[in-house]
Each structure stands twice: as structure tokens, then as C-alpha cells.
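Take a look at the structure set out below.
The values are calculated or read from the model by the stated rules, or taken from the named source; none is laboratory data. Note that the structure is predicted; figures quoted are calculated from it, not measured. Cβ placement follows ideal geometry from the backbone for every residue including glycine, while neighbour counts extend to all protein chains displayed.
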Amino acid sequence: MAQVTTNKSNLGRPAGSASDKVRGELINSARQHFLAREFKAVSVRQIAESAGVNGAMINYYFGGKKGLYLAMVDDVLNELDEALSGLRADSEITLADFGHSYSLVLARNPWWPNFMIREVLFSDGEVREAIVDRFGSIIGPKLFHLVQQEIDKGNYRDDLNPQLAIISFMGMTIFPFIARPLIEQVFGINLDEAMASTIAQHNQQLFMQGVAA
């Protein structure tokens, strides 16, 4: 009699579109928990229960809580990277392109700015280093290249410090979304995607007054 073998590691694991759905639900659940509490205070069980799945799914999809945590970060950075890569097929991306795309990402992910402040500025350890590494490897070099190429082309002042210019530009881009409740209540501005585009254009005009050759 032939022996039937079963791959127990695959039992109960969704496939295809169901698999993508479970992965997305876990990330959404994790996002809610990690926004409310720091990394150490959130358990795998809490995330899984909120997502309505077995806790083993977190290990299966992400290799553990840290992997799930970083997948949240990757989702936002990948969204930005995809937006930039799809902007212009026949020319290089400009700093204005980046500012506009990032503003839209911030409008669609209102949890992201304050999450980054809490996890990068007010936390420490391995998780923070992983976030800094991901953000730095994807965003940092791209921004530096964008500013440097404008200097090389003669579009920006030749005495401009690319790193300081990036700090100023990122501050202008991110601050409205960090201060979202204050801005929306005091100025009556709804920071939706349309307003994000308007702010991005406004920031670009202000920025260019200081960096243009």
C-alpha cells in the first residue's frame, strides 16, 4: 500500500488571492496596533485576532512580528517608489515630481508621518535602525541625486548644499501632514489628495525661490 505524504507546513494556509487578502489584513491590523502602542507593547496574538487569522500566519508571511512591522514601512516606501518610477518614461525624475508623489502618499497614509516621528525620534534599538536603513537606502540617495543633478545642470545654485536643501525640502513637504489636526481645524483645510497636490506645487515654488541659479 502506497504511503500518502502530506506537507503539514502548508495546511491551513490560503493560496492565491486569498493569500494576498490575508497578508493585507495582517498589515492593516498591525498598523492600527502599532499606531496605538510601541513595538514591544504589541503582541502577535493581538494582531492576529484583529485580523481574524491564526497567529501562525504572521510567521508564515513575515517571519515574525518584526518582519510584519517592517512590511508596513516597506509598503509605504514601495508605494512612493512605484509612483516615481511611473511618472516619466522618457526623462529623469525631478525634485518637484518627488515632492508631489510623496505628498500624495502622505495624504493616502495619514498614519505615516507621526508613526515615523515616534519610531525614529522617540524609540531606539534594532527596529528603529531597520526603519532608518530602509528609508535611507530608498529615499536618501534618490533625493541627493535629484538635487545634485540640478546643480550640475546649472538649474540650482552651485554653492547649494544638497544635504541641507533636502532637509529643508522634506521639512516643507512633511510638516503639514504631521500637524494635520492643527492645520485642518485652524485653517479649515482638508488635507486630501487634491490639497496635497496644491501644497506640493506651493512648496516647489517657495523652494525654487531659494535654490534657483
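You will find that of A18, A96, the residue that is in a helix (DSSP H, G or I), without any contact (Cβ under 8 Å) to a residue 12 or more places away in the chain, of a type in the set (A, V, I, L, M) and surrounded by fewer than 19 Cβ atoms within 10 Å (Cβ to Cβ) is A18 and no other.
Assess whether G140 counts as being surrounded by 12 or more Cβ atoms within 10 Å (Cβ to Cβ) and closer than 30 Å to K40 by Cβ. Yes: the conditions hold for G140. As a summary of the residue check, D124 satisfies the conditions (1) in a helix (DSSP H, G or I); (2) without any contact (Cβ under 8 Å) to a residue 24 or more places away in the chain except for the one numbered (1). Residue count for region 170-213 satisfying the condition of being more than 18 Å from V105 (Cβ to Cβ) and under 21 Å from the mean Cα position of the chain (by Cα): 1. Test each condition in (1) exposed (fewer than 13 other Cβ atoms within 10 Å of the Cβ); (2) in contact (Cβ under 8 Å) with a residue 60 or more places away in the chain for M195 and report the one that comes out false. Against the list (1) exposed (fewer than 13 other Cβ atoms within 10 Å of the Cβ); (2) in contact (Cβ under 8 Å) with a residue 60 or more places away in the chain, M195 comes up short only on (1). When region 52-75 is filtered for residues that are under 17 Å from the mean Cα position of the chain (by Cα) and of a type in the set (D, E, K, R), the ones remaining, listed by number, are K66, D74, D75. Annotation note: of A130, A107, A71, A48, the sole residue that is in a helix (DSSP H, G or I) and not assigned by TED's automatic domain parsing to the domain that holds N203 is A48. Being surrounded by 14 or more Cβ atoms within 10 Å (Cβ to Cβ), in a helix (DSSP H, G or I) and of a type outside the set (S, T, N, Q) is true of V147.
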